[in-house]
1. When the label point is put 7 Å from the Cα of T193 along its Cα-to-beta-carbon vector, which residues of the stretch 135-162 have a backbone N closer than 19 Å?
2. May I ask for the net charge around A48, where only other residues with Cβ less than 11 Å from the Cβ of A48 are counted and Lys, Arg are +1 while Asp, Glu are -1?
3. Top mean-square fluctuation among N36, N114, N94, Gaussian network model of the chain, C-alpha springs under 10 Å?
4. For V16, enumerate residues with amide H under 5 Å from its amide H, sequence gap 5+ or separate chain, H modeled in the peptide plane.
5. Contour minus end-to-end for D157 and R124, with contour as 0.36 nm per residue of separation and end-to-end as the Cα-Cα distance?
6. Report the relative contact order of the chain, percent, no decimals, based on alpha-carbon pairs under 8 angstrom and at least 6 residues apart.
7. So what does L199 come to for accessible area, using a 1.4 Å probe and Å² rounded to 10?
8. Comparing S153, S116, S70, which has the greatest mean-square fluctuation in the GNM of the chain with Cα pairs linked when under 10 Å apart?
Amino acid sequence: MLEVENISVFRGERLVLDRVGFTLEAGDALLLTGPNGAGKSTLLRVLAGLHKPEGGHVLWSGVDALADRSQHAGRVAYLGHQDALKLGLTLRENLTLAARASGGNPDLCMESLNISGLADLPARMLSAGQKRRAALARVLLAQAPLWLLDEPSLGLDINTMGLLGTLFAAHRQAGGIVIATTHVPLPLPDARTHALPGLNESDIPQPLEDFPEDDLL
Ligand SMILES: Nc1ncnc2c1ncn2[C@@H]1O[C@H](COP(=O)(O)OP(=O)(O)OP(=O)(O)O)[C@@H](O)[C@H]1O
């Protein structure tokens, strides 16, 4: 269903992703692992159609997914590092705004993440973990088959990790796909792992070394 072929990405002059590829079927889950800076977030953004790769293809049911990015956006629920909430709006208003695009049910999604009691609080009053739960509620709201989650467990307590496991299982059971970056174990039994190797320290540019010390004063 999802075929990722030879994705290559340069950041500046550095080749961050070098011909990355894998194939996932309905119900599959993939953990993207690797050291800081290995390119996990970059790869998720490519798969979401948010970053154009220098090489390679992403196929959805055999069709070039990135050729029509607005159509691809309808297949994808993307969770970045940022929770992307409008801080002046209440939780319910945030989700209602998001539901305009997807047509999902904000109340049901809040219930699934156990945040219904916070619905009328401005998002700026939510804790870090509560904001993450709100962002995960927005993933549900998208009703999209392909979940692309960048460190979804950031800030979550143990009970919410359990909820997350239930949500992952239901999504996969319904034929959805989960791709998640992580540095910690996630409740995704039978997930495959794709480890990105990361860079050698010697490949990482040191921008200041070209400047004589006097220039820094
Ligand atoms: N906007 C940018 N411009 C240039 N280079 C960038 C930019 N964003 C990231 N990079 C570089 O791309 C590389 C990959 O970054 P990325 O965020 O994809 O790594 P990651 O594997 O998700 O890291 P982490 O585990 O720390 O979240 C990094 O080494 C970083 O230096």
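The values are calculated or read from the model by the stated rules, or taken from the named source; none is laboratory data. It should be emphasised that the depicted structure is a prediction, and the values quoted were computed from it without experimental measurement. Every residue, glycine as well, gets a Cβ built from its backbone with ideal geometry; the counts of neighbours run over all protein chains shown. SASA here: full protein model, heavy atoms, side chains in, ligands and nucleic acids out. Shrake-Rupley method; radii C 1.70, N 1.55, O 1.52, S 1.80 Å.
1. The answer is 149-154.
2. After counting each charged neighbour, the total is +2.
3. Comparing N36, N114, N94 in the GNM, the peak value goes to N36.
4. V9, F10, R11
5. 10.0 nm
6. RCO, the chain: 28 percent.
7. Near enough 50 Å² of accessible area.
8. Comparing S153, S116, S70 in a Gaussian network model of the chain, the most mobile one is S70.
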